[in-house]
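Enquirer: My structure is below; once you've seen it, I'll send some questions.
The values are calculated or read from the model by the stated rules, or taken from the named source; none is laboratory data. Note that the structure is predicted; figures quoted are calculated from it, not measured. Note that each Cβ is placed from the backbone with ideal geometry, even for glycine, and that neighbours are counted across all protein chains shown. Surface accessibility is based on the protein's heavy atoms, side chains included, excluding ligands, DNA and RNA. Shrake-Rupley method; radii C 1.70, N 1.55, O 1.52, S 1.80 Å.
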Amino acid sequence: MCINSNKLKIRNEEYNPIEVEEAGVKFFLPEKDSKPESEKKIGKSMSVFYNPRMTINRDLTICVVNTYSKQRTTKLSYCDSMAATGIRAIRLLKQCPGIEKVHINDLNPIAIETIKNNLELNEVPSGQYKLYTKDAKSLLSHFHEDTDEYFDIIDIDPFGSPCQYIPAAMQSISVSEGGGLLCATATDTPVLFGIKKEACIRKYLTSPIRTDFLKEMGTRIFIYYLAKIANLFELYIKPVISISANHFVRVFLLVRKGILGVNSNIREFGTYQYCRNCLHRSAEKFEYSKSTMKSNLCPICGETMISSGLLWLGDLHNSEYMTNLEGQLADSLIQSFPSYIQMKKFVELAKNENKFPPYFYSIPKLADSLNCTYPSLGKLREHLKELGHNSSRTHFDPQGLKTTASIVEMKNLLKNFQS
């Protein structure tokens, strides 16, 4: 970062702007928001929000949008409903050839003035963008009736929960030619991860449980909510990339229209059953034709199991998008994606997640329950293979393992390493 010598004028006030660069795109921040990283407090109190630790969020957006645009025959419109500095929208115009126009919105007038300066700094032609100073719900709810158009891509990235904006997004997203692309972020992870159960029921319309695979559970709760709201409008969703990293959950999904698709979404809903005594876990897709309740006693130890509310048990990623993401990283210069290393690691860990049950084992948690040490994940995977079980690491937890093995087999394997 360096201080630009020119003054930045925002709402008749002059700032000594800090010039920041991300992926070759330069942009200004008001001086008080640009403290050294060690002193910076990220939150709603910032006059114009920018979080450098969310770079992977923006990098993934570039890659997913590029993949999506290759599947479309026309140039695309993109709505950044909460743009803040405008960095994401400007990067899309610079790095995504398929984007024709970006609609940049922020309710904060200081943010809009900052965005204007950043668009000028990057010499973005006026015909490639349109600015709004509206509440995101209002913009999304009324966009179609005001313009007789729909957005091809909608990005919802608030500070906190995105739930209140999703119904409006479903009313303004294009469902033609393979569907629209919805990019949604949730940063209220304590809610999704089961720490604030009542808030999860209130916001995401389902009940979480406390498990050792909480990040995956939270991601699946988020996708369930998005599907549920889409279904109300006779729309259905198809996740293409899902990630839980740092303090956020981010999902990219196609939104399409059709009752058959809605029904297919419903068939991907289900629940977790979890035993807090022996750590046995299972997942079962919900069958609406069945009226009898299964026993809630653990089949391993006989203790009462806890059950989650409905969540998404379908795929988290689309193989075509994952392959394309891997290819873009292989073909790109590192400076094109500031989180290049983190993204490569994500792809490596996430690309096989669909092949396994919708949960993982936390190896340290399992070892702690047995009061024993544990070997490297590599050695565990070798021994699982000898026992006839496939396994994979997961992006949700650096010490997590997805496998077809049962809890009994996993515990016996860890015990054998002690002898």
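Enquirer: If I stretch the segment between Asn12 and Lys116 completely, what's the gain in nm (0.36 nm per residue apart, minus their alpha carbon distance), one decimal?
Expert: Working: separation 104, 0.36 × 104 = 37.44 nm, distance 1.43 nm.
Stretched fully, the Asn12-Lys116 segment lengthens by 36.0 nm.
Enquirer: Right, next: Counting other Cβ atoms within 10 Å, keep those with at most 12, restrict to DSSP loop, and tell me which trypsin sites (Lys or Arg not before Pro) in the stretch 254-304 are left. Don't skip to the answer; put the middle values down first.
Expert: Values: sites: Arg256, Lys257, Arg267, Arg276, Arg281, Lys285, Lys290, Lys294; in loops: Arg267, Arg276, Lys290, Lys294.
For trypsin sites (Lys or Arg not before Pro) across the stretch 254-304 that sit outside H, G, I, E and B with at most 12 neighbouring Cβ atoms in 10 Å, the list reads Lys290, Lys294.
Enquirer: If you don't mind, there's one more thing I want to ask. Restricting to Cα pairs below 8 Å that are 6+ residues apart, what does the relative contact order work out to for the stretch 258-331? Please round to a whole percent. Present the calculation step by step, with values, prior to reporting the outcome.
Expert: Numbers: 79 pairs, mean separation 24.5, N = 74.
Taking the mean separation of contacting Cα pairs over the length of the stretch 258-331, I get 33 percent.
Enquirer: What per residue convex hull volume, in Å³, comes out for the stretch 76-185 when only alpha-carbon positions are used? If you can, show how the numbers build up before the last one.
Expert: Values: hull volume 10.7 nm³, N = 110.
Measuring per residue, one finds 98 Å³ for the Cα hull of the stretch 76-185.
Enquirer: Now for a different question. So which of Lys94/Lys238; Lys238/Lys415; Lys134/Lys257; Lys75/Lys197; Lys197/Lys365 end up more than 32 Å apart, counting from Cα to Cα? Working shown, then result.
Expert: On the way: Lys94/Lys238 27 Å; Lys238/Lys415 41 Å; Lys134/Lys257 27 Å; Lys75/Lys197 43 Å; Lys197/Lys365 22 Å.
Too far apart for the 32 Å limit: Lys238/Lys415; Lys75/Lys197.
Enquirer: For a label point 7 angstrom out from the Cα of Tyr288 toward its Cβ, which stretches of the stretch 185-206 have the backbone nitrogen within less than 20 Å?
Expert: 205-206
Enquirer: Run the numbers for Arg276 and Glu145: contour at 0.36 nm per residue of separation, minus the present Cα-Cα distance, in nm.
Expert: Working: separation 131, 0.36 × 131 = 47.16 nm, distance 5.10 nm.
Stretched fully, the Arg276-Glu145 segment lengthens by 42.1 nm.
Enquirer: Once both labels are modelled 7 Å past Cα along the beta-carbon direction, what's the Thr74-Ile195 spacing in nm?
Expert: The answer from the label model is 4.5 nm.
Enquirer: Can you tell me, using C-alpha contacts under 8 Å and at least 6 residues apart, the relative contact order of the chain as a whole percent?
Expert: Details: 773 pairs, mean separation 47.6, N = 419.
Result for the chain is 11 percent.
Enquirer: Follow-up question, since we're still on this one. Taking only Cα atoms and a 10 Å spring cutoff, compute GNM fluctuations for the chain and point out the largest among Asn324, Asn57, Asn231.
Expert: Of Asn324, Asn57, Asn231, the most mobile in the Gaussian network model is Asn324.
Enquirer: Specify which residue in the list Leu333, Asn296, Asn354 is farthest towards the positive end of the charge dipole of the chain, using unit charges on the beta carbon of Lys, Arg (+1) and Asp, Glu (-1), about the Cα centre.
Expert: The residue sitting farthest along the positive end of the dipole is Asn296.
Enquirer: Report the longest stretch of the chain that contains none of the GluC sites (Glu not before Pro) sitting in a DSSP loop with at most 14 other Cβ atoms within 10 Å.
Expert: Working: sites that count: Glu37, Glu39, Glu123, Glu149, Glu177, Glu234, Glu287, Glu303.
Looking at the chain, 304-419 is the longest stretch - no exposed GluC sites (Glu not before Pro) with at most 14 other Cβ atoms within 10 Å.
Enquirer: Grab the DSSP H runs of the chain that are 4 residues or longer, score each as -39,500 (n - 2.57), total them, divide by all residues and round the 222 nm result to the nearest 500 deg cm²/dmol. Don't skip to the end; give the middle numbers.
Expert: Details: 14 runs with 148 residues, N = 419.
After summing the helix terms and dividing by residue count, I get -10500 deg cm²/dmol.
Enquirer: Continuing with this model, one more query. Considering only Cα-Cα distances, which of the following residue pairs are longer than 28 Å: Lys130/Lys345; Lys26/Lys203; Lys137/Lys402; Lys70/Lys344? List each step's numbers first, then the result.
Expert: Working: Lys130/Lys345 36 Å; Lys26/Lys203 37 Å; Lys137/Lys402 39 Å; Lys70/Lys344 21 Å.
Beyond 28 Å: Lys130/Lys345; Lys26/Lys203; Lys137/Lys402.
Enquirer: Give Lys215/Lys351; Lys215/Lys285; Lys294/Lys351 a once-over and call out the pairs whose C-alpha atoms are over 26 Å from each other. Walk me through the numbers on the way to the answer.
Expert: Details: Lys215/Lys351 17 Å; Lys215/Lys285 19 Å; Lys294/Lys351 33 Å.
Correct reply: Lys294/Lys351.
Enquirer: What's the extension gain from Lys385 to Lys344 if we count 0.36 nm per residue and subtract their Cα-Cα distance?
Expert: Full-extension gain reported as 12.2 nm.
Enquirer: May I pose another question? Do any chymotrypsin sites (Phe, Trp or Tyr not before Pro) in the stretch 194-297 lie in a DSSP loop with no more than 16 other beta carbon atoms within 10 Å, and if so, which?
Expert: Working: sites: Tyr204, Phe213, Phe222, Tyr224, Tyr225, Phe233, Tyr236, Phe248, Phe252, Phe269, Tyr272, Tyr274, Phe286, Tyr288; in loops: Phe213, Phe233, Phe286, Tyr288.
Answer in residue order: Phe233, Phe286, Tyr288.
Enquirer: Taking the 0 to 90 degree range and rounding to the nearest ten, how far is the long axis of helix 407-416 tilted relative to the main principal axis of the chain, both from C-alpha atoms?
Expert: Value to nearest ten degrees: 80.
Enquirer: Need the list of aspartates and glutamates near Lys385 for cross-linking: C-alpha distance under 20 angstrom, and skip anything on the same chain fewer than eight residues off.
Expert: Leaving aside aspartates and glutamates fewer than 8 places away in the same chain, those within reach of Lys385 are Glu348, Glu353, Glu409.
Enquirer: How many nm is it between the label spots at Lys137 and Asn352, if each spot is 7 Å from the Cα in line with the beta carbon?
Expert: With each label placed 7 Å out from Cα toward Cβ, I get 4.5 nm.
Enquirer: Under a 1.4 Å probe, what is the accessible area of the stretch 84-146 per residue, stated in Å²?
Expert: Working: 2680 Å² over 63 residues.
I get 43 Å² per residue for this part.
Enquirer: Now for a separate question. Nearest 10 degrees, 0 to 90: what angle lies between the long axis of helix 319-331 and the longest principal axis of the chain (Cα atoms)?
Expert: Here the helix axis deviates by roughly 60 degrees.
Enquirer: Tell me the per residue accessible area of the stretch 281-419 using a 1.4 Å probe; a whole number in Å² is fine. Please list the in-between numbers first.
Expert: On the way: 7720 Å² over 139 residues.
So the stretch 281-419 comes to 56 Å² accessible per residue, rounded to a whole number.
Enquirer: Carbon-plus-sulfur fraction of the accessible area of the chain, 1.4 Å probe, in percent? The partial results should precede the final answer.
Expert: On the way: 9200 of 18990 Å².
Within the chain, the accessible surface is 48 percent carbon and sulfur.
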